[in-house]
1. Within region 248-272, how many residues are touching a residue at least 24 places away in the same chain (Cβ under 8 Å) and either assigned to a helix (DSSP H, G or I) or open to solvent by 60 Å² or more (accessible area, probe 1.4 Å) (or both)?
2. Please pick out the residue among Ala59, Ala35 that is within 27 Å of Leu171 (Cα to Cα) and surrounded by 15 or more Cβ atoms within 10 Å (Cβ to Cβ).
3. Here is a list: Ser24, Ser6. Which entry is more than 22 Å from Gln230 (Cβ to Cβ), of a type in the set (Ser, Thr, Tyr) and open to solvent by less than 60 Å² (accessible area, probe 1.4 Å)?
4. Looking only at residues in region 203-217 that are among the polar types (S, T, N, Q) and touching a residue at least 12 places away in the same chain (Cβ under 8 Å), which one is farthest from Arg167 (Cα to Cα)?
5. Show the residue pairs meeting these rules: Cβ distance below 8 Å; 6+ apart or different chains; first residue within region 188-202 and closer than 13 Å to Arg167 by Cα and in a helix (DSSP H, G or I); second residue at pLDDT below 95 and open to solvent by 60 Å² or more (accessible area, probe 1.4 Å).
6. Do we have Ala203 as of a type in the set (Gly, Ala, Ser), over 17 Å from the mean Cα position of the chain (by Cα) and surrounded by 14 or more Cβ atoms within 10 Å (Cβ to Cβ) here?
7. Here's a check for you: in region 19-75, which residue that is outside any helix (DSSP H, G or I) and β-branched (Val, Ile, Thr) is nearest to Thr112 (Cα to Cα)?
Amino acid sequence: MNQMNSQKYCEQKIIKEGSCLYYSLRFVVAEKRHALLLLHTLFHEIDEIKYKCQDIQVAHQKHEWWQQEMMQTFMGKASHPVTQDLSKIMEQYAISQADILTMTDTLIQCPTHFADFKQLETYCQQTSGQLQMLCAKVLGYQKDETLEAAQQLGVMLQLYYFIRELRRDTLNAYIHIPQTELEQFDLTQHILFEQKQTEQLHALLTFQAQRISEYYQSFVKKLPKTDRRQQKMELVRAKLAMATLKEMERDGLAVFQHRISLTPLRKLWITMNYLW
């Protein structure tokens, strides 16, 4: 497919008007916007398999197809709308095959649970952290510390999504909270599967929210001032996530009862504060 078709595919797949991604991409120049959309769509295509395919065998087949597609892509024989433009942006923004495969292979191998935080952190670094690092390359940077900061942002965003989507994940038998931390707060996977709001769950989620805030602070601290103008998209994504997390905390972190979202007006206000 040509770039126009590829772009339309990506927009239809992951861009919803009023979403955080929609606002963070709003003022990115068209050429870079297309590259960023491709990377996010590739991530989404593989990540959503575990939620869409209840049959393990079907999920395994889809994962195998994506592994083969990545190899075909690197040989110039891509067939998917996303991968058909991937080689072009890899060359343009100095993205290596290893950069891409770290992300896609780790997404494919996603475990249903994690023994401890080190295992979870590594997964986040190699998936969302890798995605944000690639986005930082597309957006442009002068100092290598910017790529390190982007990795911190990726971990922060992934941990944030794991809390926000806890209800969806448990419905699909995924627990993205380390076993050691469940035990620390006198919880079990079975209790999470029951989706009951308890004092122990609130204490656990408060602990998780604090860690997300620490990753946010680390991202902001590590991001060099010289690169902040180019990395506005990353700053907007981080700020929108933190603002939503604060609203979730005000709501008592009742993630099994309802899903908190910012109003479009507030998202626009946060975005404009960074863009002007």
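The values are calculated or read from the model by the stated rules, or taken from the named source; none is laboratory data. Keep in mind that what you see is a predicted model, and the values were worked out from it rather than measured. Counting neighbours? That spans all protein chains shown, and the Cβs are built from the backbone with ideal geometry, glycine included. The area values use the complete protein model at the heavy-atom level, side chains included, leaving out ligands, DNA and RNA. Shrake-Rupley method; radii C 1.70, N 1.55, O 1.52, S 1.80 Å.
1. Residues that pass the stated criteria total 9.
2. On inspection, the qualifying residue turns out to be Ala59.
3. Ser6
4. Ser213
5. Gln189/His113
6. Taking the combined requirement at face value, the residue satisfies it.
7. Per the stated criteria, the residue is Val28.
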